[in-house]
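**Q** I have a structure I would like to understand better, so I am pasting it below and will then ask my questions one at a time.
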């Protein structure tokens, strides 16, 4: 049975929002996200029930990219969302039409984590409690880092993450200096979160030699005789 990466999410305290507006906004964000990652997902990004949604991918890098995209998209609409990222067994008819024909421990337990853990970012790695604990610790740090932004920092993240603009383009769009753009990038913790994602991606590298080379790429160790 193959293992896959999956992202699940739901709206926190959804009853406090106007339900019609929330439904329209949620559907629009999911449609836009799916269109943006259409060639990189293996199931439809869609609502399961209520305001719960999920998507399955093969690649941890894509999973984290979708997480960041959704997180920023919801933040720009002042909607609080919780996420659960999982890695585990999935079987059935895996397709881009519906999620109703797939099941497995990966899906079941990731959904359980989403429902029971009152955290913004939760992780479940099947049969790997050490990595699960480590990633959930990182998730707590991510929640603290992404706790508040100024309006200009939000605009920067919109252009960088949602619109996929480079720093030079953002400088022009925001009509500001290069120094200010780097300031917004640092204060919005964009560079920090990219570094965190890089470390998470490395944690799933199965080739130990490649992992050593990537993790210690800037360090020269003495070789054993």
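**Q** Given the conditions (1) out of contact with any helix residue (DSSP H, G or I) (no Cβ under 8 Å at 6 or more places or on another chain); (2) part of a loop (DSSP other than H, G, I, E, B); (3) surrounded by fewer than 20 Cβ atoms within 10 Å (Cβ to Cβ), which single one is not true for residue 21?
**A** The single condition residue 21 does not satisfy is (2).
**Q** Please work out if residue 78 is modelled with pLDDT of 90 or more, over 17 Å from the mean Cα position of the chain (by Cα) and part of a loop (DSSP other than H, G, I, E, B).
**A** Judged against the criteria, residue 78 is a match.
**Q** Taking into account only those residues within the stretch 47-57 that are surrounded by fewer than 18 Cβ atoms within 10 Å (Cβ to Cβ) and over 14 Å from residue 107 (Cα atoms), which is modelled with the highest pLDDT?
**A** Out of the qualifying residues, it is 47.
**Q** I would also like to ask the following. Which residues, taken from the stretch 83-118, are over 23 Å from residue 1 (Cβ atoms) and in contact with a strand residue (DSSP E or B) (Cβ under 6 Å, 6 or more places away or on another chain)?
**A** 83
**Q** What about residue 73, is it under 26 Å from residue 195 (Cα atoms), touching a strand residue (DSSP E or B) at 6+ places or on another chain (Cβ under 6 Å), outside any loop (DSSP other than H, G, I, E, B) and modelled with pLDDT of 95 or more?
**A** no
**Q** So which of 51, 10, 2 ends up being touching a helix residue (DSSP H, G or I) at 6+ places or on another chain (Cβ under 7 Å) and touching a residue at least 60 places away in the same chain (Cβ under 8 Å)?
**A** None of the other options fit; the residue is 10.
**Q** To continue, here is another question. Report those helices (runs of 4 or more DSSP H) wholly inside the stretch 124-225 carrying at least 1 residues which are at pLDDT 90 or above, within 15 Å of the chain's Cα centre (by Cα) and surrounded by fewer than 16 Cβ atoms within 10 Å (Cβ to Cβ).
**A** Once the helices (runs of 4 or more DSSP H) in the stretch 124-225 are filtered for at least 1 residues that are at pLDDT 90 or above, within 15 Å of the chain's Cα centre (by Cα) and surrounded by fewer than 16 Cβ atoms within 10 Å (Cβ to Cβ), what remains is 129-145, 190-203.
**Q** Scan the stretch 83-93 residue by residue and report those that are out of contact with any helix residue (DSSP H, G or I) (no Cβ under 6 Å at 6 or more places or on another chain), in contact (Cβ under 8 Å) with a residue 60 or more places away in the chain and surrounded by fewer than 19 Cβ atoms within 10 Å (Cβ to Cβ).
**A** 91
The values are calculated or read from the model by the stated rules, or taken from the named source; none is laboratory data. Everything quoted here is computed from the prediction, not taken from an experiment. Cβ sites come from the backbone with ideal geometry, for glycine too, and all protein chains shown count toward neighbours.
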